[in-house]
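Since the structure comes first, as structure tokens, the remarks are kept for the end.
Computed from the coordinates by the stated procedures, all read-outs in this text should not be read as laboratory data. Keep in mind that what you see is a predicted model, and the values were worked out from it rather than measured. Neighbour counts are summed over all protein chains in view; Cβ atoms, including those assigned to glycine, are modelled from backbone coordinates with ideal geometry.
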Amino acid sequence: MNILRWLMKHPILLAWLLAIIAILLNFSMSGKPVEHGQAVAEHGQKTGQHAAPVAAPQVVAAPAAAPQQPVPVPAQGAAEVAVIAGEAQQPVAAVQAQNPAPAEAPAPVSAPQQAAAPVVEQPADLLRAAREAYWSNELDNAVEFYTSLLKQAPDSIEYKGELANVYWKQGNAKKAAELFTEIAPKLAAQGRTTEAFNMKLYVDMVDPELAKQIDAALPK
């Protein structure tokens with residue numbers, strides 16, 4: 001039984017062994033007819049000595065059977081080989097199952113950014129930026145800078161006068177006239193009558209009714 005189990009584990013050797021046994025059986029079976037033919041021939045020769053000569057029958061030796069093809073490996077042996085291979089692979093799969101893939105580390109949660117505190121620009125910086133924008137012909141930027149300045153100093157004659165000049169350069173005569181009408185009386189009260197009078201001349205060309213308010217504030 002141990003030999004059979006060993007042979008089942010080695011199907012190639014088992015196939016060769018079966019092929020050799022089949023060849024030997026072939027040769028042993030083919031040898032018997034030849035011996036029988038020789039005995040018949042000898043008996044015929046003896047009988048021919050007493051009877052009329054008769055042509056001795058020719059004995060044709062039976063051709064030896066061709067060796068059979070190697071017996072294919074039994075399915076049972078192949079199944080055992082497959083089972084053994086499967087058993088060899090099972091521990092690997094078990095190890096893989098016992099070692100699951102490491103879980104991905106959670107992505108770091110960024111801390112909420114604090115809102116930046118509003119930066120309050122200094123009036124000197126805003127004034128310098130507004131004048132640079134005016135001379136660079138960036139009039140829209142200049143208007144924004146002067147508007148920011150007036151939020152910090154709403155009664156500034158200087159800021160309003162320069163903003164009126166920006167409106168005048170933009171071609172927005174109405175807004176320029178309104179600002180000149182607002183600041184001209186204050187300039188006249190400070191003794192700056194020449195500046196107030198020049199503003200009156202400009203406003204008179206744009207809106208004569210507004211110019212009358214400036215004229216009423218000028219000294220007679």
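Ordering S148, P123, G191 by Cα displacement along the dipole of region 119-220 toward the positive end leaves G191 in first place; charges were set at the Cβ atoms of Lys, Arg (+1) and Asp, Glu (-1).
Scaled to the globular estimate 2.2 N^0.38 Å, the Cα spread of region 162-220, given as radius of gyration, is 1.01. Phi angles of region 175-188 translate, via the Karplus equation with coefficients 6.51, -1.76, 1.60 and θ = phi - 60°, into HN-Hα couplings of 5, 5, 5, 5, 5, 5, 5, 6, 9, 4, x, 5, 5, 5 Hz per residue; Gly and Pro are given as x. The Cα atoms of region 123-217 define a convex hull whose projected area, averaged across directions, is 5.7 nm². Taking θ as phi - 60° and the Karplus parameters 6.51, -1.76 and 1.60, the scalar couplings of region 192-198 work out to 9, 5, 5, 5, 5, 5, 4 Hz in sequence order, x denoting glycine and proline. Label-to-label distance, D207 versus L25, with points set 7 angstrom from Cα along the beta-carbon direction: 12.9 nm. For the pair K186 and S136, label points projected 7 Å from Cα toward Cβ lie 2.8 nm apart. Remark: region 123-217 carries a charge dipole of roughly 120 debye about the Cα centre, counting +1 on each Lys and Arg Cβ and -1 on each Asp and Glu Cβ. Within the shell of other residues whose beta carbon sits under 14 angstrom from the beta carbon of Q152, the net charge comes to -3, with Lys and Arg scored +1 and Asp and Glu -1. Counting 0.36 nm for each residue step from R128 to Q170 and taking away their Cα separation leaves a gain of 13.2 nm.
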